[in-house]
């Protein structure tokens, strides 16, 4: 949203805004194809769709329905960027966003980035061209300060489960990642573990580094760190690499999220190691699968739905007031779920 200028965008020199025919001509496609690309209701060749979105962004095309909304001062639509809708953590977060938006009379444009920065850039261009009233950003890859700085001047932004240092006029809603890491470290230390393998997510994600920091502060023993990417495959790979010498030197594994823990569990099984008899294993997030695998996974429950809901409610409070939000932070509590994947180390 552009609170200070709610009129439809005009081209330089006061010309009338671009029409769908202008976009079609510049992109070398039919107006129908442009409509399909923008609505997403029909499949369009990716190369063609990318070309159309580029022209839409360059010409500043605004669909007629949204232009009418802009004249009224609002489109009643917000954008949501998430990295992986198949990950139940982000699905729960998205549900919280949608429920909060629906309750307040807003729709949501969902953009699934697949951890791809180019894809994210295309979505951000699409969001800008559609003049949303605000953005909830939970893209799951290291947020780009430059990319988000460009958005701050256009409409309010809420960061959900991540933060960008120094970004002004941004609402931050996140779980207590460092506190969650401490809970796992304290739990394993209390069980008697003194050597742990820590499988982390990307080091440039604040949520990942906070979990690692909390764990190491509380565990107090020897910790070996291996860096992954929060995906199941990396948990499997990192355990396989750790076992390359023939045995695992540590008695406990802390995975930075449940997907990595599930991948680690598969690799440990393949190596003939039992959890928790031979090695304890803990994760983070408490996704649905964490309680369904065998053994059920000890993990940190973070309130994904509440993160999304709170971020959106805060965002729309300022959207409704036509105000630029102040920088603020809401940290939600987490809870350790002790299940059957952790036990005292074998004597």
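Can you tell me which residue within the stretch 315-347, out of those that are surrounded by 13 or more Cβ atoms within 10 Å (Cβ to Cβ), in a helix (DSSP H, G or I) and out of contact with any helix residue (DSSP H, G or I) (no Cβ under 9 Å at 6 or more places or on another chain), is modelled with the lowest pLDDT? Per the stated criteria, the residue is 320. Scanning the stretch 164-201 for residues that are touching a helix residue (DSSP H, G or I) at 6+ places or on another chain (Cβ under 6 Å), assigned to a loop (DSSP other than H, G, I, E, B) and closer than 23 Å to residue 232 by Cα turns up just one, 201.
Scanning the stretch 92-106 for residues that are free of Cβ contacts under 8 Å to residues at least 40 places away in the same chain, in a helix (DSSP H, G or I) and closer than 10 Å to residue 316 by Cβ yields a single hit, 103. Total residues in the stretch 237-249 satisfying the condition of being under 13 Å from residue 226 (Cα atoms) and either in contact (Cβ under 8 Å) with a residue 40 or more places away in the chain or touching a strand residue (DSSP E or B) at 6+ places or on another chain (Cβ under 6 Å) (or both): the figure is 3. Checking the structure you have, find out if any residue of the stretch 307-318 is in contact with a strand residue (DSSP E or B) (Cβ under 9 Å, 6 or more places away or on another chain), in the same structural domain as residue 154 (by TED's automatic domain parsing) and within 22 Å of residue 214 (Cα to Cα). Yes. Return a yes/no flag: does the stretch 263-270 have any residue that is crowded, with 19+ Cβ neighbours inside 10 Å, part of a loop (DSSP other than H, G, I, E, B) and without any contact (Cβ under 8 Å) to a residue 60 or more places away in the chain. Among the residues of the stretch 263-270, not one is crowded, with 19+ Cβ neighbours inside 10 Å, part of a loop (DSSP other than H, G, I, E, B) and without any contact (Cβ under 8 Å) to a residue 60 or more places away in the chain, which makes the answer no. Quick check on residue 282: is it over 30 Å from residue 76 (Cα atoms), touching a helix residue (DSSP H, G or I) at 6+ places or on another chain (Cβ under 6 Å) and buried (at least 24 other Cβ atoms within 10 Å of the Cβ)? Against the criterion (over 30 Å from residue 76 (Cα atoms), touching a helix residue (DSSP H, G or I) at 6+ places or on another chain (Cβ under 6 Å) and buried (at least 24 other Cβ atoms within 10 Å of the Cβ)), residue 282 qualifies.
The values are calculated or read from the model by the stated rules, or taken from the named source; none is laboratory data. All of these numbers come straight from a predicted model, not from anything done at the bench. In this analysis, Cβ positions are derived from the backbone assuming ideal geometry, glycine residues included, and neighbour counts consider all displayed protein chains.
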